[in-house]
1. Tell me what the chain gives for mean residue ellipticity at 222 nm when only DSSP H runs of n ≥ 4 count, each as -39,500 (n - 2.57), the sum divided by the residue total, rounded to 500 deg cm²/dmol.
2. What full-extension length gain, to one decimal in nm, is calculated for Phe4 and Thr185 as 0.36 nm per residue of separation minus the Cα-Cα distance?
3. Let's test the formula: R0 of 30 Å, r as the Cβ-Cβ distance of Asp49 and Tyr133. What FRET efficiency results, to the nearest 0.05?
4. Per 0.36 nm of contour for each residue apart, how much would the distance between Asp13 and Lys81 grow if the chain were fully extended, relative to their Cα-Cα spacing?
5. What trypsin sites (Lys or Arg not before Pro) does region 1-84 have in DSSP loop regions with at most 11 other beta carbons within 10 Å?
6. What percentages make up the Cα-Cα pair-distance distribution of region 105-187 when the bins are 10 Å wide from 0?
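Every number here is computed from the coordinates shown, using simple stated rules; none is lab data. The structure presented is a predicted model; accordingly, all values stated were derived computationally and were not measured. All Cβ positions, glycine included, derive from the backbone under ideal geometry; neighbour counts span all protein chains shown.
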Amino acid sequence: MLSFIKDRSEFEDIKKSADFFMLLFYSNKSQKSLEALDNLKKFSDKNKDVKVYAVNASEVGLHTEFGITAVPALIAYGDGKVQQIVYGVQSEDYYEKLLTTSPVKSSDGSKKYHRVIVYTSPSCPWCSATKSYLRQNNIPFREVDVTKNPGAAEELVRRSGQRGVPQTDIDGTIVVGFDKARLNTLLGIQG
């Protein structure tokens, strides 16, 4: 069941007591936030064993603690740290997939989860195409806008030798541009 966090002390208690939870940052003033909240509520109603929370970022300032600068944004929190940050409106199925984000069996039989970061700029059509493709394939990702984060832009140039975006970091491997075949290979997307 979706619960609403009213203040920081309530959140601190949740962090201490829960092994894993999902937390949506939203605003009542954002239609996209309300849509994301509705989808997360539907997800929560079907997955009663998952602890799911929401916090109005306009009223409770927890978002700054996690570097959240836009809503809606959802964090998956486990093992005492943020496991994943996902921005934008997502479907119930997407939230379901987030619980088992792109699992891949490693050689020792354990599950491995992909860490995906997409470096973008607001006016880049290929950035939008990359994000859309990842969403279509239910691959959660974190987005970094290099126009707002010059340090990230410099780091990309150092790592890839390229200034252009999109660049997608998948478990430390950089994919330059919207290279669907390379994304498929690295993320195990079929076809």
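1. Values: 6 runs with 65 residues, N = 191.
Roughly -10500 deg cm²/dmol at 222 nm, from the helical runs in the chain.
2. On the way: separation 181, 0.36 × 181 = 65.16 nm, distance 3.91 nm.
Result: 61.3 nm gained on full extension.
3. Details: r = 31 Å, r/R0 = 1.03.
With R0 = 30 Å, the Cβ-Cβ based efficiency is 0.45.
4. On the way: separation 68, 0.36 × 68 = 24.48 nm, distance 1.45 nm.
Extra length available between Asp13 and Lys81 comes to 23.0 nm.
5. Details: sites: Lys6, Arg8, Lys15, Lys16, Lys29, Lys32, Lys41, Lys42, Lys46, Lys48, Lys51, Lys81; in loops: Lys6, Lys29, Lys48, Lys51.
Here the sparse-neighbourhood loop sites are Lys29, Lys48.
6. 18, 52, 24, 6, 0
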